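Inspection log for the structure reproduced underneath, given as structure tokens.
The values are calculated or read from the model by the stated rules, or taken from the named source; none is laboratory data. Treat the numbers as computed from the prediction; the structure is a model and nothing was measured. Methodologically, a virtual Cβ is constructed for each residue, glycine included, from the backbone with ideal geometry; neighbour enumeration extends over all protein chains shown.
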Amino acid sequence: MPVRLKKLIGTFLLLLLVVVYALVAVTVAAAWLGESGPVVHMTYFLFTGLLWVLPAMAIISWMNRPPKKG
């Protein structure tokens, strides 16, 4: 696959990841953390705010792999 095509696909995947992940994280927080205190909210959003980096790193790693020879 050409490098430019991989980067285009990866860019759209990253945008999709961020939008879907944010919607899911906020929906879960609204459903389960409604009566929780501020410390629980802070811990949840700190954790979920950092967790999206793992799939994003996988997408970026795939985007930066050199094309296969042959």
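For first residues located in the stretch 1-26 and more than 26 Å from Thr48 (Cα to Cα) and in contact (Cβ under 8 Å) with a residue 24 or more places away in the chain, partners that are part of a helix (DSSP H, G or I) and not aliphatic (A, V, I, L, M) and lie 6+ apart or on another chain with Cβ distances below 8 Å form the pairs Lys6/Trp62. If you check Pro55 against the conditions, is it assigned to a loop (DSSP other than H, G, I, E, B) and either touching an Asp or Glu at 6+ places or on another chain (Cβ under 7 Å) or under 19 Å from Leu13 (Cβ atoms) (or both)? So Pro55 fails the test. It is to be established whether one or more residues within the stretch 28-36 are surrounded by 14 or more Cβ atoms within 10 Å (Cβ to Cβ) and in contact with a Gly (Cβ under 7 Å, 6 or more places away or on another chain). No, there is no match, as no residue in the stretch 28-36 is surrounded by 14 or more Cβ atoms within 10 Å (Cβ to Cβ) and in contact with a Gly (Cβ under 7 Å, 6 or more places away or on another chain).
Per-residue answers, yes or no, for (1) within 21 Å of Met1 (Cα to Cα); (2) within 14 Å of the chain's Cα centre (by Cα); (3) part of a helix (DSSP H, G or I); (4) at pLDDT below 95:
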site: Val24; (1), (2), (3), (4): no, yes, yes, no
site: Ala31; (1), (2), (3), (4): no, no, yes, yes
site: Ser61; (1), (2), (3), (4): yes, yes, yes, no
site: Pro66; (1), (2), (3), (4): yes, no, no, yes
site: Gly70; (1), (2), (3), (4): yes, no, no, yes
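Pairs meeting the criteria (first residue in the stretch 43-70 and surrounded by 12 or more Cβ atoms within 10 Å (Cβ to Cβ), second residue assigned to a loop (DSSP other than H, G, I, E, B), beta carbons under 9 Å, at least 6 apart or on different chains) are Tyr44/Leu33; Tyr44/Ser36.
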